[in-house]
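Each remark here refers to the structure printed beneath this line.
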Amino acid sequence: MVDLLFYVAAGVTVLCALGVVISANPVQSVMMLLGSFVGIALIYLLAGFQFLAAIQIRVYGGAIMVLF
């Protein structure tokens with residue numbers, strides 16, 4: 001079950017990262033970047049790094065939203 005969840009999170013992360021590069025709309029690009037960060041945080045959670053996952057969402061997600 002954990003392996004399946006890992007592959008789903010990795011796939012979502014890669015698709016969102018491709019969406020950041022392909023999207024012409026800046027708002028969609030930022031939302032895809034946030035989706036990528038959430039996918040990375042989920043992978044951190046699956047690996048057992050709860051603090052790193054929280055920092056990933058809070059610092060990087062918050063900084064991108066404030067910057068935009």
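The values are calculated or read from the model by the stated rules, or taken from the named source; none is laboratory data. Here the structure is a predicted model, which is why all the values come from computation and not from measurement. Cβ placement follows ideal geometry from the backbone for every residue including glycine, while neighbour counts extend to all protein chains displayed.
Some points to look at:
- Restricting attention to region 9-36, the residues being in a helix (DSSP H, G or I) and out of contact with any Gly (no Cβ under 6 Å at 6 or more places or on another chain) number 19.
- When region 17-68 is filtered for residues that are of a type in the set (Phe, Trp, Tyr), surrounded by fewer than 16 Cβ atoms within 10 Å (Cβ to Cβ) and at pLDDT below 90, only 68 remains.
- Scanning region 37-68 for residues that are outside any helix (DSSP H, G or I) and within 23 Å of residue 3 (Cβ to Cβ) gives 48, 49.
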